[in-house]
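Following: one structure in structure tokens, then a few remarks.
The values are calculated or read from the model by the stated rules, or taken from the named source; none is laboratory data. All values derive from a computational prediction rather than experimental measurement. Cβ placement follows ideal geometry from the backbone for every residue including glycine, while neighbour counts extend to all protein chains displayed.
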Amino acid sequence: MKDAELRERARQVIPGGMYGHLNAAIFAPGYPQFFARGEGCRQWDVDGREYIDFMCSWGPVVLGHRHPVVEEAAARQLAEGDCLNGPGPVMVELAELLVDTIPSADWAMFSKNGTDATTQALMVARAATGRTKVLMAHGAYHGADPWCTPSTAGTTPNERADLVEFAYNSLESLEAAAATVEGDVAAIIVTPFKHDSFEDQELVEPAFARGARALADRLGAALVIDDVRAGFRIDLRGSWEQYGVRPDLTAWSKAMANGYPIAAVTGVDALRGPAQTLYSTGSFWFSAVAMAAAKATIETLRDTDGIATMFRSGTRLREGLYAQAKAHGFTVNQTGPVTIPWLSFDGDADLSTAMYWSDACLRNGVYIHPWHNWFLSAAHTEDDVARALEGTDRAFAETRAHLGS
């Protein structure tokens, strides 16, 4: 098996053979580590097995793998140049597109990863306020830098010393957290909904969203929305626009360029001056190909109403999974937006049932995940969802046979 051979070779030259959240060793045993190609809503691993892909490369692929419009824009830019002595004209064009699309955006700054964007947003907030403390929901994931990664090797408690935690969706908890550092709150950073791994997702309560906005105004702090994971899958304008809540700063990445590496921070005009005082840069942050891909991705989502397509497919998937689970005698929880779903089994505290079922889904050609949210793309058609549901139905049957009655 080519995957097994590659894992063994990787162990010789890569610490642990693999690391981070893409390490298949921490998933169910049947998960492949290495992939050969992707097309539309499908991926093939190096051993030739085909999957209907409901992880979308952990979020970046929003239009489908190798989308022709995006690939053509990237190839056209690559023929002219990618990493030059300065950015191409497409940087200005992409910034203009973001400002035109996102009501809370008067300007944009670019980088490469979601962690870059959340870190950069907090730098802007601190530069604007002259304060140090950041209010953050307990357990929230905002990236992989030491300031936002708890209890991991190579970090120190001091690197998180300026974070004050609150309970998501609790205004009382948020107010209490702010009171502990009164006069020194630079920012409130919050995800559009609670999407922590290993637990059911939780949609934001509109009153909480509006309360967070009001508290930031009262404190003179910046409200930062981390839209890295949800951005461009709920609302092109920003995930809290539906609640009438506009942030001061928003962090974007993942789905922004359909798989090309790019991230952005957008902000309101009042923070333009502080933003331009930052020294925040990277060798490849101004590469033009990813910017061309991002421009094509956002325009295509806009022009084809891609988010509505994802909502239709996600709704069909959710309804089908509920019916199948019930038919096989399982009680399941399906949480989060239908475009960014997750399924858990009632009473499955150790995730053993989810691990077995997700492994069975793989055997039946459906790539989902046992403890991380999934992602829909605009390439998931009604026929694709129907075919995937055939596989998940067989997986439920296998799981029931494995567990017994």
Where the second residue is charged (D, E, K, R) and in a helix (DSSP H, G or I) and the first is assigned by TED's automatic domain parsing to the domain that holds Ile52 and under 30 Å from Thr304 (Cα atoms) and lies in region 370-399, which pairs have Cβ atoms under 6 Å and are six or more apart or on separate chains? Val385/Arg316
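Would you mention how many residues in region 300-333 are farther than 21 Å from Thr381 by Cβ and in contact with a helix residue (DSSP H, G or I) (Cβ under 9 Å, 6 or more places away or on another chain)? Spell out how you get there, then give the answer.
First, pick out the residues of region 300-333 that are farther than 21 Å from Thr381 by Cβ: 325-333.
Next cut, in contact with a helix residue (DSSP H, G or I) (Cβ under 9 Å, 6 or more places away or on another chain) only: 325, 327-332.
Selection size over region 300-333: 7.
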Gly365 - would you say it is small (Gly, Ala, Ser) and surrounded by fewer than 22 Cβ atoms within 10 Å (Cβ to Cβ)? yes
For region 119-165, which residues satisfy the criterion of being among the basic types (Lys, Arg) and free of Cβ contacts under 8 Å to residues at least 40 places away in the same chain? Arg160
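Here is a check on your reading of the model: is Leu321 in the same structural domain as Leu22 (by TED's automatic domain parsing), buried (at least 20 other Cβ atoms within 10 Å of the Cβ) and more than 23 Å from Trp44 (Cα to Cα)?
Details: in the same structural domain as Leu22 (by TED's automatic domain parsing): yes; buried (at least 20 other Cβ atoms within 10 Å of the Cβ): yes; more than 23 Å from Trp44 (Cα to Cα): yes.
So Leu321 fits the description; yes.
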Only one residue in Arg76, Arg49 is of a type in the set (Lys, Arg) and farther than 24 Å from Val366 by Cα, so which one is that? Arg76
Could you list, in sequence order, all residues of region 165-218 that are surrounded by fewer than 19 Cβ atoms within 10 Å (Cβ to Cβ), touching a strand residue (DSSP E or B) at 6+ places or on another chain (Cβ under 6 Å) and assigned to a loop (DSSP other than H, G, I, E, B)? Val181, Asp184, Asp200
(1) in a helix (DSSP H, G or I); (2) buried (at least 18 other Cβ atoms within 10 Å of the Cβ): which one isn't true of Arg394, the others all being true? (2)
From the list Ala108, Ala125, Ala73, which one is over 18 Å from Leu278 (Cα atoms) and small (Gly, Ala, Ser)? Ala73
Is it the case that region 340-357 has a residue that's more than 29 Å from Asp303 (Cα to Cα), in contact with a helix residue (DSSP H, G or I) (Cβ under 7 Å, 6 or more places away or on another chain) and of a type in the set (Val, Ile, Thr)? yes
When region 257-282 is checked residue by residue, the ones that are without any contact (Cβ under 8 Å) to a residue 60 or more places away in the chain and within 13 Å of the chain's Cα centre (by Cα) are none
Search result, residues across region 266-290 that are part of a loop (DSSP other than H, G, I, E, B) and closer than 25 Å to Ala186 by Cα: Val268, Thr277, Leu278, Tyr279, Ser280, Thr281, Gly282
Test set (1) surrounded by 14 or more Cβ atoms within 10 Å (Cβ to Cβ); (2) farther than 20 Å from Lys254 by Cβ; (3) free of Cβ contacts under 8 Å to residues at least 40 places away in the same chain - Lys326 fails condition number: (1)
